[in-house]
Amino acid sequence: MFTNIAAYKFAPLENLEVLREKLRALCTEQSLKGTIMLSPEGVNLSIAGETSAVEALMVALRSVAGLENLTVKESVSAKQPFRRMLVKLKKEIIAFGIDGIAPARASSPKISAQVLKQWIDEGKPLTLLDTRNDYEIRMGTFHGALPIGVNHFRDFPEAARKLPSELKDQTIVMFCTGGIRCEKAGPFMEAAGFAQVFQLDGGILKYFEECGQSHYDGDCFVFDRRVCVDSQLRQTSAALCYCCQMPVTPQEQVDPRYVVGVSCPFCHADTAAVAPQARESGER
């Protein structure tokens, strides 16, 4: 069995070249695979390997100034979900492209999975805003959630500006896979005049861990070879089209247009179609 962890933290980091080489050497030594993204604003990672190897990496990361309290979301898988090990230096650990958004200094209020479930159970008036990409949302989302309507997170600001103006005075709970996108989306929404914005702490993965399937329809797309996990954080039977990289449900896999390694219902008409490069992109 492989231990899978996803984690991020916004914190000022320095000496990134040195840190990259240290982490790269450790991950190679411990036979870990996945992606670690480092930037002056923090770290974002998705890694899998033997439990002892993952623990060794966490010890190293938590020894870095600013990352002492780095927390992880954990699951297990029968197979290694990543093909390779990458340690990258980036301008941002999640691409957004808007100056002045600095979650290490200020982010929207967070609510826990348990609080969100309670609010929904009680019928509290709120809008659940899914900040993920459309190809992720089609695999599953919270019941009645409003999709932001993008194919890449960098398009979020433009999409948010098109939201109905009446939402500016309503309670909004935004969510994504693991929480990182909301760290930037929340402050942007507040600056755009949305008065009551909350973010789901830990995202869908933490909600699954604490609340299971309650109020959620379908599965959760993840950025590795598992493609999707269910509410028990187990790999599902979803697949990823080799040609266009779209996630394909088990029902769509029986479609005659789905040919492993060739096409799926989304690209069959034009196998040269360009689709979102979802796998191992780092969006969580």
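The values are calculated or read from the model by the stated rules, or taken from the named source; none is laboratory data. Remember, predicted model here, so these are calculated numbers, not experimental data. A quick note on method: Cβ atoms are made from the backbone with ideal geometry, for glycine too, and the neighbour counts reach across all protein chains shown.
Listed values, structure above:
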| read-out | value |
| --- | --- |
| Test: residue in segment 197-206 that is of a type in the set (Val, Ile, Thr) and in contact with a Leu (Cβ under 7 Å, 6 or more places away or on another chain) | no |
| Residue match in segment 134-146 (condition: surrounded by fewer than 16 Cβ atoms within 10 Å (Cβ to Cβ), modelled with pLDDT of 95 or more, in a loop (DSSP other than H, G, I, E, B) and over 17 Å from the mean Cα position of the chain (by Cα)) | yes |
| Close pairs (6 angstrom Cβ cut-off, 6 or more residues apart or separate chains): under 19 Å from residue 136 (Cβ atoms) in segment 195-212, of a type outside the set (Lys, Arg) and assigned to a helix (DSSP H, G or I) anywhere | 199/182; 199/186; 200/116; 206/113; 207/113 |
| Sole residue being out of contact with any strand residue (DSSP E or B) (no Cβ under 9 Å at 6 or more places or on another chain), buried (at least 16 other Cβ atoms within 10 Å of the Cβ), of a type in the set (A, V, I, L, M) and touching a residue at least 40 places away in the same chain (Cβ under 8 Å), chosen from 101, 172, 120 | 101 |
| Single condition residue 232 does not satisfy, out of (1) within 21 Å of residue 148 (Cβ to Cβ); (2) within 18 Å of the chain's Cα centre (by Cα) | (1) |
| Qualifying residue in segment 66-73 (condition: in a loop (DSSP other than H, G, I, E, B), more than 30 Å from residue 235 (Cβ to Cβ) and not basic (Lys, Arg)) | yes |
| Criterion (part of a helix (DSSP H, G or I), touching a residue at least 60 places away in the same chain (Cβ under 8 Å) and under 27 Å from residue 182 (Cβ atoms)) met by exactly one of 57, 19, 61, 23 | 23 |
| Among the candidates 64, 43, 54, 87, residue that is surrounded by 18 or more Cβ atoms within 10 Å (Cβ to Cβ) and under 30 Å from residue 194 (Cα atoms) | 43 |
| Boolean, residue 78 is among the small types (Gly, Ala, Ser) and either surrounded by 15 or more Cβ atoms within 10 Å (Cβ to Cβ) or in contact with a Pro (Cβ under 7 Å, 6 or more places away or on another chain) (or both) | no |
| Selection count, segment 118-133, where residues are closer than 23 Å to residue 244 by Cβ and in a strand (DSSP E or B) | 2 |
| Residue check, residue 193 surrounded by fewer than 20 Cβ atoms within 10 Å (Cβ to Cβ) and part of a loop (DSSP other than H, G, I, E, B) | yes |
